[in-house]
1. What does a probe at GLU182 reach in the range 130-156, counting residues whose amide N is under 17 Å from the point 7 Å along Cα→Cβ?
2. Dividing the alpha-carbon radius of gyration of the range 68-182 by 2.2 N^0.38 Å (N being the number of residues), what value is obtained?
3. Go through 339-345, 529-535 and give me the packing order, highest mean Cβ count within 10 Å leading.
4. Compute, for the range 440-597, the length of the dipole vector about the Cα centre, with Cβ point charges of +1 (Lys, Arg) and -1 (Asp, Glu) only. Units Debye, rounded to 20.
5. Expressed in nm to one decimal, what extension gain is obtained for the pair TYR36 and GLU379 from 0.36 nm per residue of sequence separation less their Cα-Cα distance?
6. Would you grab the residues whose amide H sits under 5 Å from the one on THR374? Only those 5+ places off in sequence or on another chain, please, with H modelled 1.01 Å from N.
7. Once you charge only the Cβ atoms, +1 for Lys and Arg and -1 for Asp and Glu, what is the size of the charge dipole of the chain about its Cα centre, to the nearest 20 debye?
8. Please work out how much length the chain gains when fully extended from ASP483 to LEU319, using 0.36 nm per residue of separation minus the C-alpha to C-alpha distance, in nm with one decimal.
Amino acid sequence: FGSVRALHKDNRTATPQNFSNYESMKQDFKLGIPEYFNFAKDVLDQWTDKEKAGKKPSNPAFWWINRNGEEMRWSFEELGSLSRKFANILSEACSLQRGDRVILILPRVPEWWLANVACLRTGTVLIPGTTQLTQKDILYRLQSSKANCIITNDVLAPAVDAVASKCENLHSKLIVSENSREGWGNLKELMKVFLCHPGWSTVARSWLTATSTSLVQAILSLLSSWDYRHASDSHTCVKTKHNEIMAIFFTSGTSGYPKMTAHTHSSFGLGLSVNGRFWLDLTPSDVMWNTSDTGWAKSAWSSVFSPWIQGACVFTHHLPRFEPTSILQTLSKYPITVFCSAPTVYRMLVQNDITRSYKFKSLKHCVSAGEPITPDVTEKWRNKTGLDIYEGYGQTETVLICGNFKGMKIKPGSMGKPSPAFDVKIVDVNGNVLPPGQEGDIGIQVLPNRPFGLFTHYVDNPSKTASTLRGNFYITGDRGYMDKDGYFWFVARADDVILSSGYRIGPFEVENALNEHPSVAESAVVSSPDPIRGEVVKAFVVLNPDYKSHDQEQLIKEIQEHVKKTTAPYKYPRKVEFIQELPKTISGKTKRNELRKKEWKTI
Ligand code: ATP
Ligand code: MG
């Protein structure tokens, strides 16, 4: 396969991109699709070779810390060796075949990364899930994905056991824990002792079905003194076709039940090079920290494929809860050069006194994605850190669709320009391309050639998959427009657009205006029924603590006046309601559909 090797050969990963202009960057992006491609073998193992030959900076491949001050660093060689052992456990102890499905629900522990690579090596299909899932969510995921194996921890194992009998495909369970659990293989122990000898595979298999935990304990105690580095790490990576399914990601579920999105080995394994090179601007000298939860495609984007394809170090902090001060301290203490986080995180970070208390010595590039980031946040971040936030736009279904790239002028509030991976256009209801300035559906051209970097289908949902196609385009479900300079502007999810008195109003612009008012901590704007206008703009507002005791009627008038002055007056919220907090997805996105449903039910 030529593509990633070409990246290495031309040393294209070695220097920051900094293209003088956007067109030269697009020209530079040429990746052919090889017939066979496996990220573990074709990317990670190549970095190991470079590392051994001293042709790569001495950065680790993986750097993990936790709040107790524990730290773990792996070179590419160590990552390779450990992930091969893990791969053997999947094939032998868990009896998994290529194509079998593995649900992985772990917090940010090193084993999560090993599992990712082990699945690649064995050709098993990875399905990540967030640790915040409830028993009901786990059942939904296990059943709908027909998973054959689950890997999780002590906290979630009881929930799995409670529903396992309803999941007919589930035949093996691996726990990442210091303790053994009946009916589960213990990953840590298996890593220590398994595969010293082929005969151990039989022993290990019996553990998984063991009814006697005392037998397991006896074997474990006998063998626990063995250092796992002595265990065999010999494993031959499967030869996967580029278009074989590599992983299934659940969408965030912002607009309904999460959808299962299938990606091939090339769609993310190769496609995400576009994120790594251009948006994240990574080189092998970089240390990249992405804070997103391990359950989302965003982790595959920025905590696995994009940094490693560039040979950069994946940094992670096992923070059980979101703590702004821990994030700020970590950025100060460790040599993190590239930071990626969600808009809500930046919003909370800028509320801290960053300038006086923290100094980010190494940080040079900050990015955000997942939701629009409001200009007031980017401005505060710039004032406090001297750094811009390079917003990116994409979906679980895609790699980066639009982004702001280094060397390109940032227009605050814009998602930037199309990523080199896609031809992005604004299209109308018939699939015709609309001219600059006109709002329409954001589409990606898929005919005559479907670009890689795009999902193949929603699993077991052909009608949903078909509904995303219109004319020559994949329709993202988001509305936007392109300005005359080729910058894309997000208007709203198609479902969130408000139609009032013949006007189409996107909630984002109204929320931007609201958020600029000093009393507003957060806001969400949705349609609300109105006997004359059909629907009107309604704002749900979370007040800053200082304003909670103010006269609410007066405050509503002030806020309405402020929006009328800040944006086109027809967009101002005719209805305003103060609430304690906004309904959010687990990943922190505002669920406008929930607020909208509530509004329309109360007619
Ligand atoms: P579901 O599809 O289940 O409703 P979701 O669309 O939120 O959930 P994701 O794939 O995680 O699931 O999110 C992609 C969506 O997030 C995009 O379609 C878009 O609506 C929004 N998004 C991502 N980045 C941006 C951005 N920079 N600006 C505006 N919206 C963004
Ligand atoms: Mg979506």
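Every number in this text was worked out from the coordinates using simple rules, so none of it is lab data. Note that the coordinates shown come from a computational prediction; the quantities given were computed from them, not determined experimentally. Note: ideal-geometry Cβ built from the backbone for every residue, glycine included; neighbour counts use all protein chains shown.
1. Within reach of a label on GLU182: no residues.
2. The value comes to 1.04.
3. Packing order, densest peptide first, comes out as 339-345, 529-535.
4. My answer is approximately 500 debye.
5. 119.0 nm
6. Those lying under 5 Å, H to H, from THR374: there are none.
7. 540 debye
8. Contour length minus Cα-Cα distance gives 55.0 nm.
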